[in-house]
Each structure stands twice: as structure tokens, then as C-alpha cells.
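First comes the structure, then the notes that go with it.
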Amino acid sequence: MPYDVAFRHQQALDPSAITTVTTGLHALTRAIDDCRNAGVDHESDPAVILLARHLAAITSERADDAPLRRRCMETIAELKRHPALLTLAVRGVAYDAAAKDLFHADGRKAMRNLAVALSLAEGSFTIRSNRSGPGVSGEITLHGEEVWVQLSLGGLGPDHEVMYRRVRGQHDHLGDKNRFAPIRDLLGAERFASRLRQELRLTPPVAEPVRLFA
């Protein structure tokens, strides 16, 4: 085993320097890497098992499972109340591929919710996502027969993430004058839909809106 090393075994025998979750995880992942390099099964490697048990001992000194589970559930509820789009609007997504993926996924969902709140019939609108280059957010656009709404970050500064206007059909890409709203307004789909109907004088819906997407 020319690539095997003694370090992980020494750490496993004397883990006294490993006192935090971070250092414990680092030691464990490095030990697994050492096993991979040496062609050793890390599932049965004694050093890996001892280091994993030491990590478990470190975490056992933290809070019990019940309060930790409660805090996880509280965090999930908080994230549902304050969607990722609000955070992304503040921090931006430039040169962060994962954040940009999330922005476009959640942005399309927000536009879909708005279309439902506006009672737009299937086939009467499109939702397009333009990712553009890595240094910008790109745009998500809802284009209906009478309304055009676009979401993007950074271009015009805070509280101008949403641009909207009245149009005359899905082939009208100019429409009337542009209006702006903060991203938090878009996330309140029903209220924002009511605002659009009033400001843009949209044709009243002929059907009751259906349930919004979670």
C-alpha cells in the first residue's frame, strides 16, 4: 500500500486535539481520502471508524435531539415565510452558479404563481428564463395577452427588481410605459395581481384563481 499513511491511525489513537465538529469532519474526510488513495475499504478501516466515533462523541455534548429537531423545523418554517428570492435580491447571484440556478427556479415559480393569481388561461401566456452571462442574474419574464412582467437583479438597484407594463398580445414586446416594483411585492401574488389589474386596467378575470404553488 504505497500511498497509505500513518497519520490517520495516529489521530484515531489520540484524537485529543480534535475538539470541534469542523476539525472532526476534516479529520474524518481526510482519513477517507487516505483510504481511497491506498485502495483500502474505508467502511472497515479502523482509523475511520474510531474517528467517526470520536466525532459522534463531540456532537453528543451538544443539545439533545428534540430541541435540535425543533430548531430545524422552525428554520424550515422561517425559510418558507421568507423565500430565498428575498435573500438573493440582497446578496446577488453574479458568478455564483448555484445561487443563479436557485434564482431562476424560484423566479419561474413566482411568475407561475402570478399567472395563476391573474387567472391567466393555459396557453395565453409564456414564462421565459434568460440566464445571460455569469456576471448578471439574467431575467425571468411572464408575457401574457395584456401583461408583461420581468424579474431581474441588480440592474436598477433595490426595489426595482420587477418591471411590468401593459401589452397588446404576446407579440408586443414594447407595450406601454414601464413600471417598477420590489421583489417582495411579486412574492405576494394575489395582492400584486390586484395591483396589476388596477394600474394596467387589465380585463377582469372570468374564472376564480386556483391554488398557488407551494
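Bear in mind these aren't lab numbers, they're just calculated from the coordinates by the rules spelled out. Here the structure is a predicted model, which is why all the values come from computation and not from measurement. Backbone-built Cβ (ideal geometry, glycine too); neighbour counts: all protein chains shown.
Positive-end ranking of 155, 171, 114 along the dipole of the range 77-201, with charges on Cβ about the Cα centre, is headed by 114. The angle separating the long axis of helix 46-60 from the principal Cα axis of greatest extent in the chain is about 60 degrees. Stretching residue 130 away from residue 26 to a fully extended chain increases their span by 33.5 nm, per 0.36 nm per residue minus the current alpha-carbon distance.
Residue-normalised convex hull volume from the C-alpha trace of the range 51-201: 154 Å³ per residue. The angle between the Cα long axis of helix 65-81 and the main principal axis of the chain comes to about 20°, on a 0 to 90 degree scale. For the chain, the longest principal axis of the Cα atoms and the long axis of helix 97-117 meet at an angle of about 40 degrees. Convex hull volume per residue, computed on the Cα atoms of the range 96-145, equals 62 Å³. In order along the range 15-25, phi translates into HN-Hα couplings of x, 4, 7, 8, 10, 10, 4, 4, 5, x, 5 Hz, rounded to whole numbers, per the Karplus curve 6.51 cos²θ - 1.76 cosθ + 1.60 with θ = phi - 60° and x for Gly and Pro. Note on residue 10 and residue 101: the extension gain reaches 28.5 nm, defined as 0.36 nm multiplied by sequence separation minus the Cα-Cα distance.
Under the convention that each Lys and Arg Cβ holds +1 and each Asp and Glu Cβ holds -1, the size of the dipole of the range 72-138 around its Cα centre is about 160 debye. Each peptide in 28-35, 57-64, 164-171, 197-204 receives the mean, over its residues, of other Cβ atoms within 10 Å, and ordering these scores from highest gives 28-35, 164-171, 197-204, 57-64. Counting pairs of Cα atoms in the range 1-82, how many percent are more than 21 Å apart? The answer is 43 percent, as a whole percent. Protection proxy ranking for 46-54, 139-147, 152-160, 174-182, using the average of other Cβ atoms within 10 Å per residue and placing the highest first: 139-147, 46-54, 152-160, 174-182.
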